Amino acid sequence: MEIGKLNQRITILENTTRINNIGNHKSQQDEIFSCWACASVRTSNENSDNGTTKEVQTMQFIIRQNSETLKLSTTANCISFQGVIYNITGIFPDFVRRDYLKITAVARKAGNRNDIC
């Protein structure tokens, strides 16, 4: 892949739990880092659940592989791209060439809250 194709900025978020001064637990997303990516739509479909129509979009992000990106997890991290939060469903490192990392992620465009990863 040519480096020029990494032309979209994404932000990697980590889901953390904070405890306020009276002991309540609140989930929030903290920015870990942002990087350049090649973003492409893999699938996009619509379904109806309890009368709410939802668009489910699967994206593929290709980013540079390094020691920081190899620490990503499907359970603890998510991606912010163009104002939408994407839950990571798969991380595919390239251990042979060690240059790029593919990430698949899913977002629901309507009918859900993007409060936590």
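What follows is calculated from the coordinates using simple rules that are stated; it is not laboratory data. Keep in mind the model is a prediction, meaning the values are calculated, not measured. Note that we place each Cβ from the backbone using ideal geometry, even for glycine, and neighbour counts take in every protein chain shown.
Structure summary
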{"quantity": "Reachable aspartates and glutamates, given that their alpha-carbon falls under 13 Å from the alpha-carbon of K54 and they are not under 8 places away in the same chain", "calculated": "E46"}
{"quantity": "Label-to-label distance, nm, for residues given as R97 and Q28 (7 Å Cα→Cβ offset)", "calculated": "4.0"}
{"quantity": "Among T74, T17, T104, residue whose mean-square fluctuation peaks in a GNM of the chain (springs only between Cα atoms under 10 Å)", "calculated": "T17"}
{"quantity": "GNM top mover of N66, N21, N77 - the chain, alpha-carbon springs below 10 Å", "calculated": "N21"}
{"quantity": "Distance between modelled label sites at S73 and T16, nm, 7 Å Cα→Cβ extension", "calculated": "1.4"}
{"quantity": "Values of log10 I(q)/I(0), in the order q = 0.17, 0.20 Å⁻¹, for the chain under a Debye, Cα-only, solvent-free model", "calculated": "-0.87, -1.10"}
{"quantity": "GNM result for the chain, Cα springs below 10 Å: residue of L70, L13, L101 fluctuating most strongly", "calculated": "L70"}
